[in-house]
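Heads up, the thing below is written out as structure tokens.
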């Protein structure tokens, strides 16, 4: 049975000329990497559900807003308990790469002086091509847990 090893949330892929982007969660199993697309409709549903739940529990505006933010950040954790095939079928933009097709993964850290934020570029080279993403969360531990010495 296929086992989920690690989950890397909020990998952002820039689209044409950087004017828009797509967000993915990377789920690493013992045999493959699944890229789960986080669509705007899913994000809206997460926010509405979290706001309604917070309101139902008597939280005011800021409590509802905080619940929305937490729900969005924690959404990717649900993949830890899902069947990998169900993850792949969840959205038509989801896709997979076999772990054996991945040659290496490079992670580069950058400090953005203008925003005082750190971000990480994740570049996955595989026999299927090169996949580049950016994230604000350090992906090193999760990627090394899942892909071992392929991560540089």
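Just so it is clear, none of the values below were taken in a lab; they were calculated from the coordinates. These numbers were taken from a predicted model, which means no experiment stands behind them. For neighbour counting, all protein chains shown are included, and Cβ atoms are generated from backbone atoms with ideal geometry for every residue, glycine included.
Could you tell me which residue of segment 7-33 is surrounded by the fewest Cβ atoms within 10 Å (Cβ to Cβ), considering only residues that are farther than 20 Å from residue 151 by Cα and touching a residue at least 60 places away in the same chain (Cβ under 8 Å)?
If we take residues in segment 7-33 being farther than 20 Å from residue 151 by Cα and touching a residue at least 60 places away in the same chain (Cβ under 8 Å), then 14 is surrounded by the fewest Cβ atoms within 10 Å (Cβ to Cβ).
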Legend entry - Contacts under 8 angstrom Cβ, first residue in segment 76-98 being touching a residue at least 60 places away in the same chain (Cβ under 8 Å), partner in a loop (DSSP other than H, G, I, E, B) and surrounded by fewer than 16 Cβ atoms within 10 Å (Cβ to Cβ), 6 or more apart: 84/2; 93/39; 97/128; 98/31
Legend entry - Index of the failed condition, residue 75 passing every other in (1) closer than 24 Å to residue 14 by Cβ; (2) surrounded by 14 or more Cβ atoms within 10 Å (Cβ to Cβ); (3) out of contact with any helix residue (DSSP H, G or I) (no Cβ under 6 Å at 6 or more places or on another chain): (3)
Legend entry - Of all residues making up segment 125-145, the number that are surrounded by 13 or more Cβ atoms within 10 Å (Cβ to Cβ) and more than 14 Å from the chain's Cα centre (by Cα): 5
Legend entry - Checking residue 36 against (1) touching a helix residue (DSSP H, G or I) at 6+ places or on another chain (Cβ under 9 Å); (2) assigned to a strand (DSSP E or B); (3) farther than 19 Å from residue 102 by Cα; (4) free of Cβ contacts under 8 Å to residues at least 60 places away in the same chain, the condition it does not meet: (3)
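Does segment 40-64 hold any residues that are surrounded by 15 or more Cβ atoms within 10 Å (Cβ to Cβ) and either closer than 30 Å to residue 3 by Cβ or out of contact with any helix residue (DSSP H, G or I) (no Cβ under 7 Å at 6 or more places or on another chain) (or both), and which are they?
To start, the set of residues in segment 40-64 that are surrounded by 15 or more Cβ atoms within 10 Å (Cβ to Cβ) comprises 42-43, 46-47, 50-51, 54, 59, 64.
Selection gives 42, 43, 46, 50.
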